[in-house]
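The values are calculated or read from the model by the stated rules, or taken from the named source; none is laboratory data. Everything numeric here is computed off the predicted structure, so don't read it as measured data. Cβ sites come from the backbone with ideal geometry, for glycine too, and all protein chains shown count toward neighbours.
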Amino acid sequence: MRALVTGGGGFLGSGIARALHENNHDVSIMGRHKYSHLPDDIKSFQGDIRDLDFLRKIFSGVDTVFHTTAFPGIWGRAEDFYSINVEGTRNVLKACLLSGVQKLIFTSSPSVIYGDSSLEGVDESVPYPENYLCEYPRTKAIAEKLVIEANGVDLATVAIRPHLIWGPGDPHLVPRILAKADKGRLMRVGQGKNQVDIIYIDNAVAAHLKACDALGVGKPLAGKVYFVSDGEPVKLWGWINDLLKKTGRPPVSRSISYKTALKLGHFLEGVYGFCGIKKEPPMTRFMASQLATSHYFNISRAKKDFGYEPVVSPEEGMNRLIQSLSAPQEY
């Protein structure tokens with residue numbers, strides 16, 4: 001296999017690139033910067049997925065593309081989310097077809113089907129909602145549709161929906177929780193009984209590689225979407241408190257009702273938007289909903305169609321995470 005990973009310097013992209021390299025595949029990555037944390041013989045291209053000519057050049061001779069690039073987050077300019085998540089994905093698809101790429105594995109998100117209410121054990125048949133609470137899931141949903149529609153006789157595509165990727169090296173979820181805890185800004189939203197799916201980094205990588213191996217024109221998973229997770233939902237606030245305890249921090253002691261958090265988020269979004277404040281508000285409607293509702297998914301389709309099984313248990317994952325957080329940092 002000769003593969004290229006877009007967003008290859010990111011948490012998931014790096015994991016996929018390393019795994020492909022360890023399996024002796026010819027792998028390269030693309031991103032906005034140079035990434036010294038990856039092996040030297042993984043070729044790195046610096047550029048923008050909104051540049052079609054650039055993509056056509058680096059896709060030449062590649063047979064498989066893992067598209068992990070995204071503009072993430074819950075706050076920002078709508079045009080930035082759209083240009084990267086939608087137009088960028090459209091360019092990736094065009095470049096694949098023009099360059100003769102045979103397989104595209106797209107990293108999507110379960111948030112593409114999240115409106116504002118709980119999703120409990122649902123499968124891939126759940127439709128997209130009519131309205132979204134922020135631009136990230138809205139634009140990722142558009143991108144996912146483009147990927148699925150592009151599946152055909154010249155290019156086999158599949159969309160993988162990992163939820164809350166975590167583990168050693170995570171630059172988003174865990175650091176965000178710990179930073180808010182250290183500043184005294186971590187507050188439980190709702191009753192604290194909601195369950196969510198999470199996925200350890202090794203499991204997310206394994207899901208993408210398994211899907212790649214099984215993907216091909218006319219294969220069962222071509223043109224489909226798949227939820228993947230650690231296989232068992234966690235009680236969100238119990239998991240957060242366990243993380244805080246194991247890192248020597250006190251548990252969450254303050255709380256706010258879901259209804260109040262929604263009102264606060266709506267108000268702050270209005271103020272920040274009117275004033276043109278770029279910094280993310282301390283509360284948004286999407287954040288309130290994600291922190292108070294349940295969202296976990298049925299992964300039986302992934303197990304059936306490409307043999308996905310978590311390779312690291314939640315308990316082992318937590319042990320590895322705590323060890324990494326307590327290890328001395330190299331400078």
Residue hits (the range 218-237; among the β-branched types (Val, Ile, Thr), out of contact with any Asp or Glu (no Cβ under 6 Å at 6 or more places or on another chain) and either farther than 16 Å from residue 190 by Cβ or in a helix (DSSP H, G or I) (or both)) are 228
Can you find even one residue in the range 127-144 that is assigned to a helix (DSSP H, G or I), without any contact (Cβ under 8 Å) to a residue 24 or more places away in the chain and within 19 Å of residue 92 (Cβ to Cβ)?
no
Could you tell me whether the range 32-40 includes any residue that is farther than 19 Å from residue 91 by Cβ, of a type in the set (Gly, Ala, Ser) and in contact (Cβ under 8 Å) with a residue 12 or more places away in the chain?
no
Checked 240, 177 against criteria (of a type in the set (A, V, I, L, M, F, W, C), at pLDDT 95 or above and either surrounded by 15 or more Cβ atoms within 10 Å (Cβ to Cβ) or not in a loop (DSSP other than H, G, I, E, B) (or both)); the one match is 240
Looking only at the range 211-237, filter to residues that are surrounded by 21 or more Cβ atoms within 10 Å (Cβ to Cβ) and not aliphatic (A, V, I, L, M); which one of those is farthest from residue 105 (Cα to Cα)?
237
Within the range 119-152, track down each residue that is modelled with pLDDT under 95 and either at positive phi or loosely packed, with under 15 Cβ neighbours inside 10 Å (or both).
130, 131
Filter pass, residue 269 being acidic (Asp, Glu) and crowded, with 17+ Cβ neighbours inside 10 Å
yes
For the range 106-156, how many residues meet the condition of being of a type in the set (D, E, K, R), touching a helix residue (DSSP H, G or I) at 6+ places or on another chain (Cβ under 7 Å) and farther than 18 Å from residue 77 by Cα?
5
